[in-house]
1. Looking only at residues that are more than 13 Å from the ligand (Cβ to nearest atom) and surrounded by 13 or more Cβ atoms within 10 Å (Cβ to Cβ) in the range 82-104, which one is nearest to S137 (Cα to Cα)?
2. Check off (1) within 13 Å of the ligand (Cβ to nearest atom); (2) buried (at least 19 other Cβ atoms within 10 Å of the Cβ); (3) under 28 Å from E169 (Cα atoms) for L75 and give me the number that stays unchecked.
3. Within the range 178-186, is even one residue touching a strand residue (DSSP E or B) at 6+ places or on another chain (Cβ under 8 Å), more than 16 Å from the ligand (Cβ to nearest atom), touching a residue at least 40 places away in the same chain (Cβ under 8 Å) and hydroxyl-bearing (S, T, Y)?
4. S237 passes all but one of (1) part of a helix (DSSP H, G or I); (2) free of Cβ contacts under 8 Å to residues at least 12 places away in the same chain; (3) not acidic (D, E); which number fails?
5. Mind counting the residues in the range 28-49 that are surrounded by fewer than 21 Cβ atoms within 10 Å (Cβ to Cβ), more than 7 Å from the ligand (Cβ to nearest atom) and part of a helix (DSSP H, G or I)?
6. Take R111 and decide whether it is more than 24 Å from T185 (Cα to Cα), in a helix (DSSP H, G or I) and modelled with pLDDT of 95 or more.
7. Return yes when N18 is surrounded by fewer than 21 Cβ atoms within 10 Å (Cβ to Cβ) and near the ligand (Cβ under 8 Å from one of its atoms) and no when it is not.
8. Mind checking whether some residue in the range 109-116 is charged (D, E, K, R) and closer than 18 Å to F194 by Cβ?
Amino acid sequence: MNEEKRIPRHVAIIMDGNGRWAQQHGKERCYGHMQGVEPVRSAIRAAVRNGVEVLTLYAFSTENWGRPREEVEALMELLCRSVVNETPELRRQGVRIRAIGERSAFSSEVRDRLREAEELTAGGGRLTLVLALNYSSRSEIVRAARHLARRAAAGELDPEGIDERTVAEALYTAPWPDPDLVIRTSGECRLSNFLLWQAAYAELYFTPVLWPDFTEAEFDRALEAYAGRERRFGLISKC
Ligand code: FPP
């Protein structure tokens, strides 16, 4: 964390409320998802402006496959289209795109578009935008456990030597600092299988604002709330 300005290095967002926003406006759920793209742009702009280093967005959970087929298809199409359309502007802003989650479940079209976006933005040095796609924290931890077990079975790793760092390095998020701030929109107050390991000491910020109404000012409000929190990491207050 940047102590002087108390800006979080890593902000993670559970973008929630697209469906309810659509319902409130008398529209189909997919319309709500479409309206969810502009707030993604706003959050990226605000993150860059504030000097946040990593912004992780929960864009598609492993549980989301259980939604109606048309909604899943619309989300996949929206994701592909957005990634392609936004890449030039993200490059201009110095944003590097990375995706985490189990990609093998996606169509080759989705996988190809993600890979291209990652390659085209690889030089971005101002902000890393991490898209959590077909992601769930528990499956990430299971995957890491299997990886470590395989290494132990191959004699490459001493089981007694496994510590928090070893586990953290086996997670998708190994390259980045843990989130300092997790934001969830739409008034729901839970983590829903998102970055459970990584958010151990994150500050949580819940807002009733539905995702399509989330603006740069809302992002700034979350950062202000964060700046006012005292982070003790299990220790006692400094004053
Ligand atoms: C949650 O709202 C939102 C999603 C499952 C999808 C998130 C997708 C976007 C914001 C579209 C654009 C994203 C990118 C990365 C380009 P919900 O449908 O669960 O809302 P509800 O709880 O009101 O039903």
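The values are calculated or read from the model by the stated rules, or taken from the named source; none is laboratory data. Nothing here was measured: the structure is a model prediction, and the numbers come from that model. Cβ coordinates were reconstructed from backbone atoms using ideal geometry, including for glycine residues, and neighbour counts include every protein chain displayed.
1. Initial filter on the range 82-104 (more than 13 Å from the ligand (Cβ to nearest atom)): 88, 91-94, 96, 102-104.
Next, from what is left, pick out any that are surrounded by 13 or more Cβ atoms within 10 Å (Cβ to Cβ): 91, 93-94, 96, 102-103.
Values: R91: 29, Q93: 29, G94: 28, R96: 22, E102: 11, R103: 15 Å.
Checked the range 82-104; the qualifying residue nearest to S137 (Cα to Cα) is E102.
2. Failing condition for L75: (3).
3. The first filter runs over the range 178-186 and keeps only residues touching a strand residue (DSSP E or B) at 6+ places or on another chain (Cβ under 8 Å), leaving 178-185.
In the following step, the residues that additionally are more than 16 Å from the ligand (Cβ to nearest atom) were identified as 178-181.
Okay, now just the ones that are also touching a residue at least 40 places away in the same chain (Cβ under 8 Å), so 178-181.
Cutting the leftovers down to hydroxyl-bearing (S, T, Y) gives us none.
There is no residue in the range 178-186 that is touching a strand residue (DSSP E or B) at 6+ places or on another chain (Cβ under 8 Å), more than 16 Å from the ligand (Cβ to nearest atom), touching a residue at least 40 places away in the same chain (Cβ under 8 Å) and hydroxyl-bearing (S, T, Y).
4. (1)
5. Our first condition is that a residue be surrounded by fewer than 21 Cβ atoms within 10 Å (Cβ to Cβ); within the range 28-49, this holds for 28-31, 34-35, 37-38, 40-42, 45, 48-49.
Narrowing the set further to residues that are more than 7 Å from the ligand (Cβ to nearest atom) leaves 28, 30-31, 34-35, 38, 41-42, 45, 48-49.
Filter once more, so that each one left must be part of a helix (DSSP H, G or I): 30-31, 34-35, 38, 41-42, 45, 48-49.
So the answer is 10.
6. Numbers: more than 24 Å from T185 (Cα to Cα): yes; in a helix (DSSP H, G or I): yes; modelled with pLDDT of 95 or more: yes.
Judged against the criteria, R111 is a match.
7. So N18 fails the test.
8. Of the range 109-116, the ones charged (D, E, K, R) are 109, 111-113, 115-116.
Subsequent filtering for residues that are closer than 18 Å to F194 by Cβ retains none.
Within the range 109-116 (the criterion being charged (D, E, K, R) and closer than 18 Å to F194 by Cβ), the answer is no, since none of the residues qualifies.
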